[in-house]
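Structure record follows, encoded as structure tokens.
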Amino acid sequence: MKTESDNTYSTLDQNSPKKFFTTITYGCQMNENDSERLSGQLKSIGYEYSDNLEEAAIILINTCCVRESAEKKIYGKIGELKRLKAVNPNLIIGITGCMAQKDRDKLFKKAPHIDLVMGTHNVHQLVELIKEVEESKGKVLAVWEQAERLAPNVPTVRKGQIAAWVPIMYGCNNFCTYCIVPYVRGRERSRPLQDIIDEIKQLGDNGFKEITLLGQNVNSYGKDSQEADFADLLQAVDKITNVERIRYMTSHPRDMNAKVIEVIRTSKKICEQFHLPIQSGSDTILKKMNRGYTTQYYRELVQQIRTAIPDAAITTDLIVGFPGETDELFEETLEFIKSIQYDAAYTFLYSQRSGTPAATMPDQLPLAVKKERLQRLMAAQNDISLELNKRLEGCTVEVLVEGLSKTDQNKWMGRTRTNKIVIWEKRGTEQVGQLVQVNISTAQTWLLKGTLVE
Ligand code: SAH
Ligand code: SF4
Ligand code: F3S
């Protein structure tokens, strides 16, 4: 594992027994990045990471509550830890992240073996909170209602060695009617431009090649600080010489604009990948979702992108079974995705989140209806993804080598600039982090297979 800010770590007594921690992370990249900051803080007080739950002195579960299915899974995991606590009463179990922010002290009632509940705005306080648990041997709750404008920087231990996440802003002001995120992540706060640039340069110095700029709605970057907007940020990041590729997520279609598209078109490092969650292809549903755009607007946006950058990949998120979605309105979504031709789509069953406006809307749909629609939507999208990928057969594409294929150690795995996974037979000359050319021979729905061009 690579570490940064190593100078902030305390020197360990070589003779003291090792103390281990584990983090288990659910949810989005923002949570993954938070876990890296949690790990960095524990490392700074002498703990080492271990996958082995049995030997851990601290277990942190970094949680997500975007859908009920995520919550159920997490409660199941928390339940499993009871056994470990029974064997080792000194074990510290901490629940962090979005579900902790939402459920607070209710978590102690549901699972009395938990020691610490820490909200999304308290991530930087982990060291002092762990000390509090150790000293008090009681329950510690740290959930701030609101964030400080920007949390102080803390040491980070990165999970990868090639690709790294860099948050550019926190929170969301959009309040889409189905979504819990604005309630658990607070209002939009942008990081200063220079902080972001410095972090990326340091990552480049440490060998990272690909940077993903993170935010719930990256296009809103700078609206609160007025220092620079998202296009200015992209332009500045593109000039950093020691990284190869820049990605960003997630864009809100309403806030994507001509200036951003132009910066991407003329940039060298910003990848031609546009993740633009449409959520529904029906204007009636989009309005109920409070998404702030129409299908007509969105079609024009896609047209604008494809005119400027013909090779751009366009991907999306879709929710099926939003309250009031009739068969006809669902058909509109099917027609819509066929007309746009997405490279890929992440599809979700609508999940009722209490406290959001959609949770109390009339005409909530039965699970069976949602499931049937999801199947049809996925099947339609798979056909489109396969067809678009097939067009790459015979083409040579630039791939960043990420590592060995998980299923076959004789093969490498990497990604195109458009974020498609590529697998190829090992030749022995490639190295992790290198940019190589691969000729695509076979396209599948979710991956491309090819041979190295030397
Ligand atoms: N800020 C990002 C990501 C939000 S969460 C964005 O706006 O795109 C990621 C995805 O989860 C969303 O795009 C949406 O498709 C899905 N999602 C959010 N709330 C949901 C809910 N209540 N039920 C089902 N899917 C949901
Ligand atoms: Fe949720 Fe909408 Fe904000 Fe995305 S933009 S996090 S879907 S409220
Ligand atoms: Fe989940 Fe929180 Fe991300 S609810 S999707 S982990 S912002």
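The values are calculated or read from the model by the stated rules, or taken from the named source; none is laboratory data. This is a predicted model, so every value here is computed, not measured. All Cβ positions, even for glycine, are placed from backbone atoms using ideal geometry, and neighbour counts span all protein chains on display. Heads up: the accessible areas ignore ligands, DNA and RNA and are worked out on the full protein's heavy atoms, side chains in. Shrake-Rupley method; radii C 1.70, N 1.55, O 1.52, S 1.80 Å.
In a DSSP loop and with at most 13 other Cβ atoms within 10 Å, the trypsin sites (Lys or Arg not before Pro) in the stretch 71-143 are 137.
Under a model in which nothing but the beta-carbon of Lys, Arg (+1) and Asp, Glu (-1) is charged, the stretch 271-337 shows a dipole of about 300 debye around its Cα centre.
Each Lys and Arg Cβ is given +1 and each Asp and Glu Cβ -1; about its Cα centre, the stretch 148-269 then shows a dipole of about 320 debye.
Using Cβ point charges alone (K and R +1, D and E -1), the dipole size of the stretch 163-390 about the Cα centre works out to roughly 280 debye. Are there any trypsin sites (Lys or Arg not before Pro) in the stretch 212-278 that are in a DSSP loop and have at most 12 other Cβ atoms within 10 Å? List them by number. Passing sites in the stretch 212-278 are 239, 268. Excluding residue 228 itself, what net charge comes from residues whose Cβ is under 14 Å from its Cβ, given Lys and Arg +1 and Asp and Glu -1? Residues near residue 228 contribute -2 overall.
Among the GluC sites (Glu not before Pro) in the stretch 119-168, those located in a DSSP loop and surrounded by at most 16 other Cβ atoms within 10 Å of their own Cβ are 145, 148.
Evaluate E = 1/(1 + (r/R0)^6) for residue 195 and residue 427, where r is the Cβ-Cβ distance and R0 equals 60 Å; express this FRET efficiency to the nearest 0.05.
0.90
Less than 12 Å Cβ to Cβ from residue 286, Lys/Arg counted +1 and Asp/Glu -1: what total charge do the surrounding residues give? So the environment of residue 286 carries a net charge of +1. Using a simple spin-label model with pseudo-atoms 7 Å out from Cα toward Cβ, residue 376 and residue 29 lie 3.3 nm apart.
Round to a whole number: what % of the accessible area of the chain belongs to carbon and sulfur, probe 1.4 Å? Using a 1.4 Å probe with all protein chains present, the chain comes out at 50 percent carbon and sulfur. Between residue 50 and residue 137, the distance separating the two model label sites (each 7 Å from Cα on the Cα→Cβ line) works out to 2.3 nm. Accessible surface area normalised per residue over the chain is 45 Å², counting heavy atoms of protein chains with a 1.4 Å rolling probe. Here the Karplus curve 6.51 cos²θ - 1.76 cosθ + 1.60, taken at θ = phi - 60°, turns the phi angles of the stretch 228-245 into couplings of 7, 9, 4, 4, 4, 4, 4, 4, 5, 5, 4, 7, 5, 7, 9, 10, 9, 9 Hz, with x standing for Gly and Pro.
A simple spin-label model places the labels of residue 391 and residue 410 3.4 nm from each other, with each point 7 Å out along Cα-to-Cβ.
For the stretch 163-390, the residue among 177, 316, 190 whose Cα projects farthest onto the positive side of the dipole built from Cβ charges is 190.
Would you be so kind as to identify which of 108, 152, 62 lies farthest towards the positive end of the dipole of the chain, taking Lys and Arg as +1 and Asp and Glu as -1 on Cβ and the Cα centre as origin? Working it through, the farthest residue towards the positive pole turns out to be 108.
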